[in-house]
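Just below is one structure, and these are the notes that go with it.
The values are calculated or read from the model by the stated rules, or taken from the named source; none is laboratory data. What you see is a predicted model, and the numbers here were worked out from it, not measured in a lab. Don't worry about glycine lacking a Cβ; one is built from the backbone with ideal geometry, like all the others, and counts go over all protein chains shown. What goes into the accessible areas is simple: the full protein's heavy atoms, side chains included, and nothing from ligands, DNA or RNA. Shrake-Rupley method; radii C 1.70, N 1.55, O 1.52, S 1.80 Å.
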Amino acid sequence: MQKKIIFMKGDGIGPEIVDGALLVLKKVAEKYGHNFIYEEALIGGASYDACGEPLTQETIDKCKKADAVLLGAVGGPKWDDLPVPLRPEQGLLAIRKGMGLFANLRPAYLFKELASACPLKAELIKDGIDILMVRELTGGVYFGEHNTITKPNGKKYAEDKMAYSEEEIERIGFVAFEMAMKRNKNLVSVDKANVLDTSRLWQKVMHRLKEEYPEVDYKDMLVDNTAMQIVAKPSQFDVIVTENMFGDILSDEASMVAGSIGMLASASLGLGSIGLYEPSHGSAPDIAGQDIANPLATILSAAMMLRYSFDLPDEAAAIENAINKTLAAGYRTKDIMSECCKLVGCKEMAKKVVEKI
């Protein structure tokens, strides 16, 4: 199989973790007889420094013609004083929009070897944690109108518009129900229908969709209750679907419950097979270039790429099994280090995974 992969290292620890994932992908291609063609592109602060903007149209066009895109991370204090349209994070929003990616899949899985890294009591995680967060990615308050004005009395007033169309809710709902069917047929839809009109429309559309999936055990849950339940009894969740801002917050909460945000992968998908794959964590500029970053979230994102964009489940499982074996052998990066384990750096961790594929 021949596939073209655009990789964008981005900022901070991005170059280190992407290099680790590329090392693993090259090993998979070698073992399973695939031909992965790689091409680099710029995004975020790196793109601003080179091109004067956080994402160029040339890069968007390049990504749309590829089979998949692998991304590191964007942002850092170096660019904090830039006008909002030029900040690195705008590149991330623009590439998602440019590629038509509306569904963000964020798995929160607690590896048994990392149970000690989970902040919850042992009795709360004895049944394991395996949550798939399906987050709507291109609507809601993040993509609404934003205004700040100065009133006649000199005080400022700011407003942000949260908006969703029935079509936007329907397409993310379809993805969530399909994912639930492939897992344990359990779906929780998260909203704030007791307050927000967007949530009431969200709930109405989800209720209509659930009639098409009678096998799925479905229920609604308010976002504040969901936040509480994730730490009270995380094992009750299988697939969670929610809007953009709620999903952003809840997926980060779930990542910490799963031990470390350094272990959490993500996939952003649209209507076709092409997707954008990236770790859930940020660019961590404070540790950039020190070879202490955890590359496993990016490597797991590469596994998601093989599964969702390339339809290579065996190859994806090979990466996931190799990570399990690496952790079982006691290798840890600094963020997941515990007693009786061997501390390794970013490069060495990636090499250990390669050895076990």
> Of all the accessible heavy-atom surface of the range 189-268, with the other protein chains kept in place and a 1.4 Å probe, what percent is carbon and sulfur?
Replying inline: 57
> In the Gaussian network model of the chain, springs joining C-alpha atoms below 10 Å, which of GLU166, GLU53, GLU243 carries the largest mean-square fluctuation?
Replying inline: GLU166
>> 7 Å from Cα along Cα→Cβ at both MET181 and CYS341: what's the point-to-point distance in nm?
In response: 3.8
> P(r) tail for the range 127-261, what percent of Cα pairs lie past 17 Å?
Replying inline: 60
> Using a Gaussian network model of the chain with C-alpha springs under 10 Å, which one of PRO88, PRO295, PRO285 is most mobile by mean-square fluctuation?
Replying inline: PRO285
>> Counting only other residues whose beta carbon sits under 15 Å from that of PRO15, what net charge do I get with K and R as +1, D and E as -1?
In response: -4
> What GluC sites (Glu not before Pro) does the range 282-345 have in DSSP loop regions with at most 12 other beta carbons within 10 Å?
Replying inline: GLU339
> Say we join alpha carbon atoms closer than 10 Å with springs in a Gaussian network model of the chain; which of LEU124, LEU300, LEU70 then has the biggest fluctuation?
Replying inline: LEU124
>> What is the sum of charges, Lys and Arg at +1 and Asp and Glu at -1, for the other residues whose Cβ falls under 12 Å from the Cβ of PHE111?
In response: 0
> With every protein chain kept in the model, how would you rank SER165, SER268 by accessible area, 1.4 Å probe, largest at the top?
Replying inline: SER165, SER268
>> Full-extension gain between ILE149 and LYS126, please, as 0.36 nm times their residue separation minus the C-alpha to C-alpha distance.
In response: 3.1 nm
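Helix-derived [θ] at 222 nm for the chain: sum -39500 (n - 2.57) over DSSP H runs of at least 4, divide by residue count, nearest 500?
-12500 deg cm²/dmol
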> By accessible area of protein heavy atoms, probe 1.4 Å, what ranking do HIS146, HIS281, HIS207 get, highest first?
Replying inline: HIS146, HIS207, HIS281
> Principal axis lengths of the chain from Cα atoms, whole Å, largest first?
Replying inline: 60, 49, 41
> Relative to the present Cα-Cα distance, how much length would full extension add between LYS78 and ASN194 at 0.36 nm per residue of separation?
Replying inline: 37.6 nm
> Setting aside same-chain residues fewer than 8 positions from LYS65, which aspartates and glutamates have a Cα under 14 Å from its Cα?
Replying inline: GLU39, GLU40
>> Could you tell me the calculated FRET efficiency between ASP224 and ALA115, based on Cβ-Cβ distance and R0 = 22 angstrom, to the nearest 0.05?
In response: 0.20
>> Per residue, how large is the accessible surface of the range 61-157? Use a 1.4 angstrom probe and give square angstrom.
In response: 51
